């Protein structure tokens with residue numbers, strides 16, 4: 001018995017998808033900014049000479065990388081108010097959790113970028129009297145930034161996919177809006193198929209760009 005596809009439901013309810021897509025984009029962009037603000041200093045701190053600087057950064061990175069983003073969202077939304085009395089709105093919770101989660105991965109990208117620069121350059125800078133911070137700012141980080149761009153773009157694409165976790169605490173992003181629509185139209189195959197196409201269309205160009213930049217950097221080096 002063949003299934004009768006009815007994709008007209010997509011065009012009929014396009015404002016619902018648009019509303020969800022705007023929330024998804026908002027979550028992704030703000031969480032990405034938070035991730036950069038957290039991740040860049042942490043990545044630098046992971047390579048600091050002082051263990052008192054390295055240790056807190058390492059604990060943060062390993063903690064957030066070793067636990068699922070979903071658990072982090074649920075913990076901030078349900079557990080944090082019990083311990084601190086601080087209660088965030090559902091969408092704010094998702095933004096904070098994904099920003100903190102992404103920050104840990106960005107920190108590792110920054111650390112890897114710094115390590116990819118020839119250590120001889122740092123030694124030469126120190127030999128002519130530059131402080132570690134000055135050498136890092138003027139010599140190491142500008143070169144490391146070029147190597148960071150492809151994985152940062154890839155991390156942005158991953159963050160956009162992680163935004164679907166917002167549906168677990170009833171944030172009306174793209175997946176949650178789609179689930180609500182399925183409950184009223186009973187057309188899950190059409191809606192989930194369309195949702196998969198949308199996410200592919202949005203994230204694949206970023207992944208492709210990341211690969212192209214990585215290949216170009218490899219050739220230039």
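The numbers here are math on the coordinates, done by the rules we state, and not lab data. Note that the structure is predicted; figures quoted are calculated from it, not measured. Glycine gets a Cβ as well: all are built from the backbone with ideal geometry, and neighbour counts include every protein chain shown.
Odds and ends about this structure:
- Packing-based exposure ordering (other Cβ within 10 Å, fewest first) of 160, 215: 215, 160
- Prolate/oblate/rounded call for region 152-199, Cα gyration tensor, a/c under 1.5 rounded: oblate
- Take every pair of alpha-carbon atoms less than 8 Å apart whose residues are at least six positions apart; their mean separation over the length of region 1-131 yields a relative contact order of 37 percent.
- Here the extension length gained between residue 4 and residue 59 equals 14.5 nm, from 0.36 nm per residue of separation less the Cα-Cα distance.
- Take every pair of alpha-carbon atoms less than 8 Å apart whose residues are at least six positions apart; their mean separation over the length of region 63-221 yields a relative contact order of 23 percent.
- Every helix of 4 or more DSSP H residues in the chain counts as -39500 (n - 2.57), and over all residues that averages to -25500 deg cm²/dmol at 222 nm.
- Order of 13, 78, 3, 105 - criterion: other Cβ atoms within 10 Å of each residue's Cβ, fewest first: 3, 78, 13, 105
- Global form of region 23-85, assessed from the alpha-carbon gyration tensor, a/c cut-off 1.5: oblate
- Taking a ≥ b ≥ c as the square roots of the eigenvalues of the Cα gyration tensor, an a/c ratio of 1.5 or more together with a/b no larger than b/c marks region 90-221 as oblate.
- The distance from the alpha carbon centre of region 147-171 to that of region 66-93 is 18 Å, rounded to a whole number.
- Exposure proxy ranking for 204, 194, 64, based on other Cβ atoms within 10 angstrom of each Cβ and starting from the fewest, stands as 204, 194, 64.
- Our summary gives region 118-208 a relative contact order of 25 percent, counting only alpha carbon pairs under 8 angstrom and 6 or more residues apart.
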